[in-house]
1. Please indicate, with yes or no, whether at least one residue in segment 108-116 is touching a Gly at 6+ places or on another chain (Cβ under 6 Å) and in a helix (DSSP H, G or I).
2. Within segment 71-96, how many residues turn out to be buried (at least 18 other Cβ atoms within 10 Å of the Cβ), farther than 17 Å from Val135 by Cα and in contact with an Asp or Glu (Cβ under 8 Å, 6 or more places away or on another chain)?
3. Among the residues of segment 16-32, is any among the basic types (Lys, Arg), touching a Ser or Thr at 6+ places or on another chain (Cβ under 9 Å) and either at pLDDT below 95 or crowded, with 17+ Cβ neighbours inside 10 Å (or both)?
4. Spot the failing condition for Ser36; the list is (1) surrounded by fewer than 19 Cβ atoms within 10 Å (Cβ to Cβ); (2) part of a strand (DSSP E or B); (3) polar (S, T, N, Q), and only one is missed.
5. From the list Arg110, Arg102, Arg90, which residue is basic (Lys, Arg) and under 11 Å from the mean Cα position of the chain (by Cα)?
6. What's the number of the only condition in (1) more than 16 Å from Lys18 (Cβ to Cβ); (2) touching a residue at least 60 places away in the same chain (Cβ under 8 Å) that Ser47 fails to meet?
7. Are any residues in segment 56-96 more than 20 Å from Gly31 (Cα to Cα), hydroxyl-bearing (Ser, Thr, Tyr) and either touching a Phe, Trp or Tyr at 6+ places or on another chain (Cβ under 6 Å) or outside any loop (DSSP other than H, G, I, E, B) (or both), and if so, which ones?
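The values are calculated or read from the model by the stated rules, or taken from the named source; none is laboratory data. Everything quoted here is computed from the prediction, not taken from an experiment. Note that we place each Cβ from the backbone using ideal geometry, even for glycine, and neighbour counts take in every protein chain shown.
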Amino acid sequence: MIGNVVGIYVGKQKGEGKTEVVFAEFVAGHGVRGDSHAGRDARRQVSLFAQETLNLLLAEGFTVTASALSANLFIEGLNLNSLRPGTQLRLGDVILELVEARKPCRNITRIDNRLPKRLFGQCGHLARIVKGGIVRSGDAIEVVANETQLKLAFA
């Protein structure tokens, strides 16, 4: 499966929106350089959100921006919400491992009180950075087999 990065966002303050950047450094074991969440939790270093979900929200009449949703990566062309923890993604030289499904944050009620319920199960994932490097807007994202997936495929 292949998708691509359509937006990269970095936030200076926790709980605030994030600002779009053209590229960002992903530091293994730490997070996105310059992001307020970097270095806080070894398992929850990067947040990913599906562009298709944002497009649906906009089509349904929600007034929301990618920046306000506070994810680091917006991706398209990959069924992000169907992926399971342990799945690894390659973005150029960078490898991310999905750790857990992202839950709608209370902060999004400032945008619209209906968003937490609407986004339940469709809020993307949190990941850790296995291998660091630079990620650029437009980079391809590929699902790569990890050890668990290989065992299941050949069982």
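1. Taking segment 108-116 as the starting set, the residues that turn out to be touching a Gly at 6+ places or on another chain (Cβ under 6 Å) are none.
No, the conditions are met nowhere in segment 108-116.
2. Counting residues in segment 71-96 that are buried (at least 18 other Cβ atoms within 10 Å of the Cβ), farther than 17 Å from Val135 by Cα and in contact with an Asp or Glu (Cβ under 8 Å, 6 or more places away or on another chain) gives 1.
3. Yes, there is a match, as at least one residue in segment 16-32 is among the basic types (Lys, Arg), touching a Ser or Thr at 6+ places or on another chain (Cβ under 9 Å) and either at pLDDT below 95 or crowded, with 17+ Cβ neighbours inside 10 Å (or both).
4. That leaves (2) as the condition not met.
5. On the way: Arg110 fails: under 11 Å from the mean Cα position of the chain (by Cα); Arg90 fails: under 11 Å from the mean Cα position of the chain (by Cα).
Among Arg110, Arg102, Arg90, only Arg102 is basic (Lys, Arg) and under 11 Å from the mean Cα position of the chain (by Cα).
6. Failing condition for Ser47: (1).
7. Ser82
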